[in-house]
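The values are calculated or read from the model by the stated rules, or taken from the named source; none is laboratory data. Remember, it's a predicted structure, so these values are computed and weren't measured experimentally. With ideal geometry, Cβ positions are generated from the backbone for all residues, glycine too; neighbour counts draw on all protein chains shown.
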Amino acid sequence: MKKNLLIVLALVCSLCLGTKTAYAAPSPTAEDTTILAEAVKVDTETGTAEALGLDIITDANNAARKLVADIIAKAQTSTEGVVSEDGTLVLAEDGTPLGTSAEPELLAAFDFTPAESVKAEIEKKGKVSVTFEVEDVKSGDCVKLLHFLEAKNEWETIDPTSVKDGKVTATFTSFSPIVIVKLTPEVAKLDNQAKGANIYVIIAISLIAIAAIAVVFAFGNKQRLVKKVNPTGATKVQKK
């Protein structure tokens, strides 16, 4: 029974689901492809970055907009006042409408080929940190990295470990097409609000799980101290 309870508690702790919505916008043009290809620089000792084809950039652009839609959807479930009475997306604090201010900016879209030394580090440690030189990035910007998982045919979101003037650093376990996206201040605020709410939920669930586990083990220890089973299978209660 204790094993089953622990399994249930583990499942409860793993529940962090958010509502997803669609977000439509125009696709990039061939001219955008050239701009995005030149937007990132990589140290040759780390690896090389090559331009992506227009099809994959279009897909990445849609993935970036879906990321924004997911952030807004999570904010709707965790922040009061995000949606006005007429259904317009607004900020919780000042009621500013979210229109084009929600549009993500693709700063770079490229296929990264790691150097042999980087591949060796991944094989040894399971992950590696890479810094990209990206124009138009400033310290304090809300930046996300989209990494295409070829095995699953989907994009994953990676939070950078560091964002400085002209530099974005992130940790990877594998490499394939990578897109660097900058969120608008309005969306960044919603992202921070949703993260803050999720942290409190996780802490609360963790505390409840720990308390429940402590009760289970305390009850089991008490039973072992109070009861003693003899060879015939009868139960004798020790005198206190």
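Tabulated data for the structure shown
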quantity	calculated
Selected residue [closer than 24 Å to residue 191 by Cβ, exposed (fewer than 14 other Cβ atoms within 10 Å of the Cβ) and touching an Asp or Glu at 6+ places or on another chain (Cβ under 6 Å)] from 138, 127	138
Elements of type strands (runs of 3 or more DSSP E) in the stretch 112-186, at least 2 residues being in contact with a strand residue (DSSP E or B) (Cβ under 9 Å, 6 or more places away or on another chain), under 17 Å from residue 60 (Cβ atoms) and of a type in the set (Ser, Thr, Tyr)	none
Whichever residue in the stretch 33-50 is surrounded by fewer than 18 Cβ atoms within 10 Å (Cβ to Cβ) and aliphatic (A, V, I, L, M) and, among such residues, is modelled with the highest pLDDT	37
Search result, residues across the stretch 141-165 that are surrounded by 13 or more Cβ atoms within 10 Å (Cβ to Cβ) and of a type in the set (Lys, Arg)	144, 164
Hey, residue 201 surrounded by 11 or more Cβ atoms within 10 Å (Cβ to Cβ), at pLDDT below 65, out of contact with any helix residue (DSSP H, G or I) (no Cβ under 6 Å at 6 or more places or on another chain) and β-branched (Val, Ile, Thr) or not	yes
Residue check for residue 58: out of contact with any strand residue (DSSP E or B) (no Cβ under 8 Å at 6 or more places or on another chain), at pLDDT 55 or above, among the hydroxyl-bearing types (Ser, Thr, Tyr) and not in a loop (DSSP other than H, G, I, E, B)	yes
Top-ranked residue of the stretch 31-76 - restricted to ones that are in contact with a helix residue (DSSP H, G or I) (Cβ under 8 Å, 6 or more places away or on another chain) and among the hydroxyl-bearing types (Ser, Thr, Tyr), ranked as nearest to residue 191 (Cα to Cα)	33
